[in-house]
Amino acid sequence: MRYPAIISICLIAACNNAPQQVDCQRFRNGEFSYKATDSERRWTMIRKDSIQKEIDHSTGKIGTFAVRWITPCEYELKYISADPADPDSVVAERKNVRLRTKITRTGEDFYEFTSSREDETYQLTGIMRLIKK
């Protein structure tokens, strides 16, 4: 009689520790906002599956990036251009860097992410808020 109770407790504990389902598909397209945690800088991202425009509200600069989805919850950004245009030296450097982003948790109108550059130890974690689908 004692063993069924122990087995039940173990099953309940195992189910509670199972990873949460992350629904990333709904964040492939839309308008998002991001606010830096260490300053007052804000960005708006407009993503249409394979293209993302980023508006830096502190400078007014608009960056355009190619988006390549690696998995349903992970994508890579590749710099295309900026308006106003960046100096040639900056363009050359940015075109060689890829930013990989992994969506780690989702909610009704947000997702948490971790981003890192493939060639550096740079890492950014944050919350991207969905403004408009």
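The values are calculated or read from the model by the stated rules, or taken from the named source; none is laboratory data. Given the structure is predicted, the values throughout are model-derived calculations rather than measurements. Note that each Cβ is placed from the backbone with ideal geometry, even for glycine, and that neighbours are counted across all protein chains shown.
Annotations for the structure displayed:
- Hey, Ser116 polar (S, T, N, Q) and over 21 Å from Ala36 (Cα atoms) or not: no
- Some residue of the stretch 104-125 being of a type in the set (A, V, I, L, M, F, W, C), surrounded by 15 or more Cβ atoms within 10 Å (Cβ to Cβ) and touching an Asp or Glu at 6+ places or on another chain (Cβ under 7 Å): no
- Boolean, Asp49 is exposed (fewer than 15 other Cβ atoms within 10 Å of the Cβ) and modelled with pLDDT of 90 or more: no
- Filter result for the condition that a residue is surrounded by fewer than 13 Cβ atoms within 10 Å (Cβ to Cβ), on the phi > 0 side of the Ramachandran plot, modelled with pLDDT of 90 or more and of a type outside the set (Ser, Thr, Tyr), over Gly60, Gly30: Gly60
- Residue check, Ile55 at pLDDT 85 or above, assigned to a strand (DSSP E or B), within 17 Å of Arg129 (Cα to Cα) and over 13 Å from the mean Cα position of the chain (by Cα): yes
- Filtered residue count, the stretch 92-114, keeping only those that are in contact with a Ser or Thr (Cβ under 8 Å, 6 or more places away or on another chain) and either of a type in the set (A, V, I, L, M) or without any contact (Cβ under 8 Å) to a residue 24 or more places away in the chain (or both): 4
- Condition met for Lys133 (free of Cβ contacts under 8 Å to residues at least 40 places away in the same chain and closer than 17 Å to Met45 by Cβ): no
- Scanning the stretch 40-52 for residues that are within 16 Å of the chain's Cα centre (by Cα) and outside any strand (DSSP E or B) yields Asp49, Ser50.
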